[in-house]
Amino acid sequence: MSQKILLLHGWGGSDFPHWQSYVACEMAKEYGCVHFLRFSDVDTPKLSIWMQELQEALEDFRPDVVLCHSLANILWFHLCNTQPIKQIQKLYLVAPPSLECSIPELSEFFPVEAPQNLYAKESLLITSTNDPYMTMNEARALQKKLAIEMKIIENGGHINAQSGYGKWEWMLKELSKKESN
């Protein structure tokens, strides 16, 4: 049976040529079951609205795998910190911003505590050595708090289209590998 993959974008969305759009398209080409949730007001996100939209997607779609990018990681943390949710198979936390981020437009999302439970059987934190939104020291501290594996990308920036992540073959292979298990 095909795994159901839910992609969650960050601030501003992950429209083409972002790697999340690439992954969604490539998985769909192979008849994969993908839901690329588009949150309301991507440029002026509201925590309560995004939380409600995420909860609805989790209830309706019932994903096996959740793939968060940037602000979506913080949204996932808020959800985990406030209520129990159905456990998923695999969670990818890609390029989360600092838990103390101070961008005024995102103030209601921060600060946030790293959750005690990520509600995933397996989790992987993916960071970059030069992400402008999270230092390597913050990434290591987050990894320690979450007690999960971390993949570090050398000079990957914020792991988005602007830093060269339109096509991201590694992620596609990673999802396909899990798909075939």
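Just one of the listed residues (GLY10, GLY32) is under 22 Å from PRO97 (Cβ atoms) and not aliphatic (A, V, I, L, M), namely GLY10. Going by the conditions given, is GLY157 touching a Pro at 6+ places or on another chain (Cβ under 8 Å) and either at pLDDT 95 or above or over 30 Å from CYS33 (Cα atoms) (or both)? Considered against the rule, which asks whether it is touching a Pro at 6+ places or on another chain (Cβ under 8 Å) and either at pLDDT 95 or above or over 30 Å from CYS33 (Cα atoms) (or both), GLY157 comes out as yes.
Each residue in region 1-57 was checked for being in contact with a Ser or Thr (Cβ under 8 Å, 6 or more places away or on another chain), closer than 17 Å to ALA95 by Cα and of a type in the set (Phe, Trp, Tyr), and 1 of them qualify. Sub-7 Å Cβ pairs linking a first residue in region 101-122 that is closer than 12 Å to ASN81 by Cβ to a second residue that is surrounded by fewer than 14 Cβ atoms within 10 Å (Cβ to Cβ) and not hydrophobic (A, V, I, L, M, F, W, C), at least 6 apart or interchain, are PRO111/GLU100; GLU113/ASN81; ALA114/LYS145; PRO115/ASN81; TYR119/GLN87, ordered by first then second residue. Under the condition of being of a type in the set (A, V, I, L, M) and in contact with a helix residue (DSSP H, G or I) (Cβ under 8 Å, 6 or more places away or on another chain), which residue from region 32-53 is surrounded by the most Cβ atoms within 10 Å (Cβ to Cβ)? That would be VAL34.
Among what's in region 124-160 and is free of Cβ contacts under 8 Å to residues at least 24 places away in the same chain and basic (Lys, Arg), pick the residue that is nearest to SER21 (Cα to Cα). Only one residue tops the list, namely ARG140.
Pairs linking a residue in region 161-181 that is in a helix (DSSP H, G or I) to a residue that is modelled with pLDDT of 90 or more and exposed (fewer than 11 other Cβ atoms within 10 Å of the Cβ), with Cβ atoms under 9 Å and 6 or more positions apart or on different chains, are SER163/ASN155. Set side by side, the residues SER102, SER98, SER70 differ, and just one is modelled with pLDDT under 95, closer than 15 Å to TRP11 by Cα and small (Gly, Ala, Ser), which is SER102. Residues that are aromatic (Phe, Trp, Tyr) and surrounded by 15 or more Cβ atoms within 10 Å (Cβ to Cβ) do not occur anywhere in region 23-31.
When GLU59, GLU53 are checked against the criterion of being touching a strand residue (DSSP E or B) at 6+ places or on another chain (Cβ under 8 Å), charged (D, E, K, R), modelled with pLDDT of 95 or more and within 26 Å of GLN87 (Cβ to Cβ), GLU53 stands alone in meeting it. Residues of region 1-12 that are surrounded by 14 or more Cβ atoms within 10 Å (Cβ to Cβ) and out of contact with any Asp or Glu (no Cβ under 8 Å at 6 or more places or on another chain): LEU6, LEU7, LEU8, HIS9, GLY10.
Among the residues making up region 3-43, those that are hydrophobic (A, V, I, L, M, F, W, C), in contact with a His (Cβ under 9 Å, 6 or more places away or on another chain) and either farther than 21 Å from ASP60 by Cα or part of a loop (DSSP other than H, G, I, E, B) (or both) are TRP19, PHE39, VAL42.
The values are calculated or read from the model by the stated rules, or taken from the named source; none is laboratory data. It should be emphasised that the depicted structure is a prediction, and the values quoted were computed from it without experimental measurement. Positions of Cβ are backbone-derived with ideal geometry, glycine not excepted, and every protein chain shown enters the neighbour counts.
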